[in-house]
1. Can you compute the FRET efficiency between Val65 and Asp201 using 1/(1 + (r/R0)^6), with r the Cβ-Cβ distance and R0 = 25 Å? Round to the nearest 0.05.
2. About the Cα centre, and with charges only on the beta carbon of Lys, Arg (+1) and Asp, Glu (-1), how big is the dipole of the chain? Nearest 20 debye, please.
3. Fully extended, how many nm does the chain gain between Asp341 and Arg72 (0.36 nm per residue separation, minus their Cα-Cα distance)?
4. Calculate one ³J(HN,Hα) per residue across the range 377-393 by plugging θ = phi - 60° into the Karplus curve 6.51 cos²θ - 1.76 cosθ + 1.60, and present them in order as whole Hz with x for glycine and proline.
5. Long-range amide H contacts for Ile383: which residues qualify at under 5 Å (H placed 1.01 Å from N, peptide plane, sequence gap of 5 or more or a different chain)?
6. On full extension of the chain, what length is gained from Arg102 through Arg415, given 0.36 nm per residue of separation minus the C-alpha to C-alpha distance?
7. With θ set to phi - 60°, apply the Karplus curve 6.51 cos²θ - 1.76 cosθ + 1.60 along the range 338-344 and write out the HN-Hα couplings as whole Hz, x wherever there is a Gly or Pro.
8. Looking at the range 308-417, send over the antiparallel percent of its DSSP beta bridges, to the nearest 5.
Amino acid sequence: MSITFVPTPPVPALGAAPDASVDHAIQAIVSGASTDATCTTDLAAGPWDFDIRPGYGPGSSMGDVIPTGAPRQGELPAAYREATEDELDQRIRVAKETLGDRVVILGHFYQREEVVRHADYVGDSFQLATAAKGRPDAEAIVFCGVHFMAETADLLSGPDQAVVLPNLAAGCSMADMADIDQVEDCWEQLADVLGDLDEPDEDGRVPVIPVTYMNSSAAIKGFVGRHGGIVCTSSNAQTVLDWAFERGRRVLFFPDQHLGRNTAKAMGVPLAQMPMWNPRKALGGSTEAELADSRVILWHGFCSVHRRFTVDQIAQARVEHPGVRVIVHPECPMEVVDAADEAGSTDYIRRAIAAATEPTTFAIGTEINLVRRLAAQFPQHEIFCLDPVVCPCSTMYRIHPGYLAWVLEELVADRTPNRIVVASDVADPARLALERMLAAKPPVAASAR
């Protein structure tokens, strides 16, 4: 495997904002210019070196098993693979200026700095999908994120708008942990134990309401919509669970067990009433009595980025930085959330730091691209990632500026590559599940750049 190195960036002057680029940090580690650690030196290579192979690629999810038939990206032309960072930056700027209002670029918080700098809107998955709704004039929506996010943008955008994912190999290991066949099988097994799942009791509540995290496929969102369920985000999960408990005796929550457990625990649901559903086991690995007594049935899924954070890391941060303020994402394990000072969505973390009026030391438990960007944006604070090992989201990192330059220049040439389209039989019920979420609590708008 060939690895092309970029020049090591200069050391910032004393008092200057730190370099937000995770790629620069990894290149410095691999070249020996930095003594920091990375989870794999393969991150120094271009993602095109991995696009033809099965797997999520180097980074936090590289050990996760990818489903058979997961999308692969075709070969990126050599002109983009061999271009320097500055050359790609210039090509993106020229193409974007040429396209004008015909195209809107959406950048997730976890994207590379080299990509985010070109985004018209930056936010979390649902903020960005709803931001696209505000640009009905755009012919194309270039979503710099992962596959389920592009699907959601297609669900919420106009029928004549094309949603483009720069690298088709940018999936999500957590979203893939709950596929539609497994969820349908789970639903059938629950019906065998709990009776007709569509039949309300004397209080008007059905036995189970399905709730899916935004980080799930369109097929899963469609399943939820067909069965009276709802979608949630990390910022409105409690509101959504309140909505579900008004309509059902219990909730089937997927795919992220940690967001479900942390949210339900904060609402007073006992851990004993939150059995895990492992799709590879009969009845998910629980007994009929445990399922009957449950309030929240948790799917056996997780985010490999947020599973890297530990209680020991928090303890070490408190020893080395007395008075540190620890904020973690609710996708982290329960023990980590309990040990932190605060837990909240990516937007919550960003807003908490922006609101701090006095210089503060923050230890943040979320994806490294966002953490480094916050450190650069708020140099008056000391901001660092709880995990000292540089290990970005494997799939977010598949969106390289080379792919962004390629899709934009293809659009300039009136070609639309990598279009993401959700079939109508899935899209209609999936939109219903999203509309229920909007009715429960409107999302916060994405921040324009």
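The values are calculated or read from the model by the stated rules, or taken from the named source; none is laboratory data. Please read these numbers as outputs of a predicted model, since none were measured by experiment. Backbone-built Cβ (ideal geometry, glycine too); neighbour counts: all protein chains shown. Just the protein is used for accessible areas: all its heavy atoms, side chains included, with ligands, DNA and RNA removed. Shrake-Rupley method; radii C 1.70, N 1.55, O 1.52, S 1.80 Å.
1. The computed FRET efficiency comes out at 0.05.
2. 600 debye
3. 92.8 nm
4. So the J values, rounded to whole Hz, are 6, 10, x, 5, 9, 9, 10, 9, 7, 4, 7, x, 8, 6, 8, x, 4.
5. Phe362
6. 111.4 nm
7. These are the phi-based 3J(HN,Hα) values: 5, 7, 7, 6, 8, 9, x Hz.
8. Around 0 percent antiparallel, to the nearest 5.
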